[in-house]
Amino acid sequence: MRVNTHPKDSSLLEAIQKGDNIAFNILFHRYYQLLCNYGNRFVDLEDAEEIVQDSLLWVWENREVLIINVSLSSFLFTMVYRKALNRIEHNQITQRVLTQFHEDIQEVLHDVDFYQIQELMNKIDEAVAALPDAYREAFIMHRFQHMNYKKIAETLGVSYQTVAYRIQQALKLLRLELKDFLLLLLLFYYSK
């Protein structure tokens, strides 16, 4: 008996809904690049890859309650399209808020003492140095070396989710450690 190595989407979906990891891997490899290319029409490639990964992960996490009334491919492409539009809208709102904040903060910056800025830089260095090794390594790669989560995961030999968790935890710890300097940190950051 010959095994079907190219199952139909409906068969894949049925197997995924039963928790079949192999079926999910087939689905992932079948659609990942197509969906990334499609998403890249609306957002940059890094955002498109993140959107596709989130979308496929959502399918897996919601497999037991997932009801699809259209073809699986239509469902996936529509999901990526909507998430891309949401990302565009989010980026536009963020940019407007940052622009307004930057304009508002320029007036306040005249009062900032450069000694305070040096003290802030020292506190940031101390807070980053105090992070647990795994958190610090992921945080530095992302924030200072401008690596995306996928590249960090490949470099460290861990999963994408592990990198996201480490950076999230690092940010929580830094917020706690630097809470007394938050206003000064915002003033300094947005004055660049």
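The values are calculated or read from the model by the stated rules, or taken from the named source; none is laboratory data. The shown structure was predicted, so the numbers you read here are calculated from the model rather than taken from an experiment. No Cβ is skipped: glycine too gets one built from the backbone with ideal geometry, and neighbour counts run over all protein chains shown. All accessible areas refer to the heavy atoms of the entire protein, side chains included, with ligands and DNA or RNA removed. Shrake-Rupley method; radii C 1.70, N 1.55, O 1.52, S 1.80 Å.
Can you name every residue in segment 162-179 that is open to solvent by 100 Å² or more (accessible area, probe 1.4 Å) and either over 16 Å from Ala127 (Cβ atoms) or charged (D, E, K, R) (or both)?
Answer for segment 162-179, where residues must be open to solvent by 100 Å² or more (accessible area, probe 1.4 Å) and either over 16 Å from Ala127 (Cβ atoms) or charged (D, E, K, R) (or both): Tyr165, Arg175, Glu177, Lys179.
When Val65 is tested against (1) aliphatic (A, V, I, L, M); (2) at pLDDT 90 or above; (3) more than 23 Å from the chain's Cα centre (by Cα); (4) outside the structural domain of Lys18 (by the TED database), just one condition goes unmet, and that condition is (4). When residues in segment 44-87 are screened for being touching a helix residue (DSSP H, G or I) at 6+ places or on another chain (Cβ under 9 Å) and touching a residue at least 12 places away in the same chain (Cβ under 8 Å), 29 of them pass.
Checking Asp9, Asp20 one by one, the residue that is under 14 Å from Phe77 (Cβ atoms), in the same structural domain as Ile88 (by the TED database) and at pLDDT below 95 is Asp9 and no other.
All of (1) open to solvent by 60 Å² or more (accessible area, probe 1.4 Å); (2) under 29 Å from His142 (Cα atoms) hold for Val52 with one exception: (1).
The rows are residues; the columns are (1) open to solvent by 40 Å² or more (accessible area, probe 1.4 Å); (2) over 20 Å from Lys150 (Cα atoms).
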| residue | (1), (2) |
| --- | --- |
| Lys8 | yes, yes |
| Gln17 | yes, yes |
| Asp20 | yes, yes |
| Gln33 | yes, no |
| Cys36 | no, no |
| Leu45 | yes, no |
| Val80 | no, no |
| Leu98 | yes, yes |
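Among the residues of segment 144-153, those that are without any contact (Cβ under 8 Å) to a residue 24 or more places away in the chain and open to solvent by 50 Å² or more (accessible area, probe 1.4 Å) comprise Phe144, Gln145, His146, Lys151.
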